[in-house]
Amino acid sequence: MRLIMLGAPGAGKGTQAKKIAEKYSIPHISTGDIFRANIKNGTELGKKAKTYMDQGLLVPDELVCDLVVDRVGQPDCEKGYVLDGFPRTIPQAESLDAALKAVGSKIDYAIDVDVPDENIISRMSGRRACLKCGATYHLKYAAPKKEGVCDTCGEALVLREDDKPETVQKRLNVYHEQTQPLIDYYTKAEILVTVDGTKDMEEVFQAITEILDK
Ligand code: ADP
Ligand code: AMP
């Protein structure tokens, strides 16, 4: 099962992707997590990506595409994967399609988690992230057991630099300009499915599994 999660920043792509990965035993591949791990480890890629991420801009396609194509070619992706945060531009989608076609593979579903802009800012200001293991929490909707501490690995939780309200608005603009056209792209490819991301997390997940289990 090869899946793509689409949706605005903060729509719940990562939340749902983790649940899908667990239920169907496939890897969850988040390009945002990959960049954040590179930033934490001080790699060249991390240094380059950070300058864009902190401004709420997309990292250039050439820094993202090869990385993802290489990752989905790894043995643990043979039975499928769930891509979270990639593709984010039409050239990224085309590059993924071409790479998959070359090995006789294709994406099964692009799942659009639909949340209007007015809900996004509050979602993002309440998000807390663990930069060590990639776990995500929300102060109101998914609080950690102990305030400010990751349930999974004990690391201190942070408000991501790019989740501050001034950057969130910029990321939303970038989403509408560069990523939303993918809705059309995958509609034409007849693999787009849309779920209402304003529902609570379990209801959204149920809607997704109903589609995947059909
Ligand atoms: P994305 O990966 O699309 O940027 P996340 O999965 O990190 O979004 O979710 C953004 C924030 O909203 C997180 O703090 C998460 O806990 C919370 N969240 C996710 N889904 C829901 C939901 N259905 N209802 C309320 N809060 C949610
Ligand atoms: P995310 O964790 O998915 O919200 O991503 C955080 C940030 O990482 C984005 O705002 C971008 O700056 C960068 N990023 C993640 N994935 C991509 C991608 N596919 N293309 C370009 N930039 C990306």
Working only within the stretch 159-214, note down all residues that are in a loop (DSSP other than H, G, I, E, B) and either more than 16 Å from the chain's Cα centre (by Cα) or not basic (Lys, Arg) (or both). Leu159, Lys164, Gln180, Ala189, Glu190, Ile191, Gly197, Thr198, Lys199, Asp200, Asp213, Lys214
Can you name the residue in the stretch 1-36 that is open to solvent by 20 Å² or more (accessible area, probe 1.4 Å) and in a loop (DSSP other than H, G, I, E, B) and, of all such residues, is nearest to Ala135 (Cα to Cα)? Pro27
Can you run down the residue pairs with Cβ atoms below 9 Å, 6 or more apart or on separate chains, where the first is in the stretch 11-27 and near ligand 1 (Cβ under 6 Å from one of its atoms) and the partner is open to solvent by less than 10 Å² (accessible area, probe 1.4 Å) and part of a helix (DSSP H, G or I)? Ala11/Ile120; Gly12/Val204; Thr15/Val204
Would you please name the residue that is nearest to Gln16 (Cα to Cα), looking only at residues in the stretch 137-178 that are open to solvent by 50 Å² or more (accessible area, probe 1.4 Å) and of a type in the set (S, T, N, Q)? Thr152
Gln55 passes all but one of (1) part of a loop (DSSP other than H, G, I, E, B); (2) buried (at least 16 other Cβ atoms within 10 Å of the Cβ); which number fails? (2)
Return the pair list, or none, for Cβ contacts closer than 7 Å from residues in the stretch 51-77 that are over 19 Å from Tyr175 (Cα atoms) to residues that are within 16 Å of ligand 1 (Cβ to nearest atom) and in a helix (DSSP H, G or I), at least 6 apart or on different chains. Leu67/Ile34; Val68/Thr31
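Which ones in the stretch 62-75 are within 8 Å of ligand 2 (Cβ to nearest atom) and either touching a His at 6+ places or on another chain (Cβ under 8 Å) or closer than 10 Å to Phe86 by Cβ (or both)? Break it down into steps so the answer makes sense when it comes.
Narrowing the stretch 62-75 to residues within 8 Å of ligand 2 (Cβ to nearest atom): 63-64, 68.
Correct list: Val64, Val68.
Any idea which of Glu166, Glu202 is of a type in the set (Asp, Glu) and farther than 21 Å from Arg36 by Cα? Step through it out loud before you land on a result.
Values: Glu166 fails: farther than 21 Å from Arg36 by Cα.
Criteria check complete, one pass: Glu202.
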Considering only residues of the stretch 107-136 that are in contact with a Lys or Arg (Cβ under 7 Å, 6 or more places away or on another chain) and more than 12 Å from ligand 1 (Cβ to nearest atom), which is least open to solvent (accessible area, probe 1.4 Å)? Ile107
For the stretch 73-108, how many residues are of a type outside the set (Gly, Ala, Ser) and part of a helix (DSSP H, G or I)? 11
Which listed residue, of Gln169, Gln206, Gln178, is over 19 Å from Ser122 (Cβ atoms) and within 16 Å of ligand 2 (Cβ to nearest atom): Gln178
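The values are calculated or read from the model by the stated rules, or taken from the named source; none is laboratory data. Because the structure is predicted, anything quoted here is derived from the model rather than measured. Don't worry about glycine lacking a Cβ; one is built from the backbone with ideal geometry, like all the others, and counts go over all protein chains shown. Accessible surface is based on the protein model in full, side chains and every heavy atom, while ligands, DNA and RNA are left aside. Shrake-Rupley method; radii C 1.70, N 1.55, O 1.52, S 1.80 Å.
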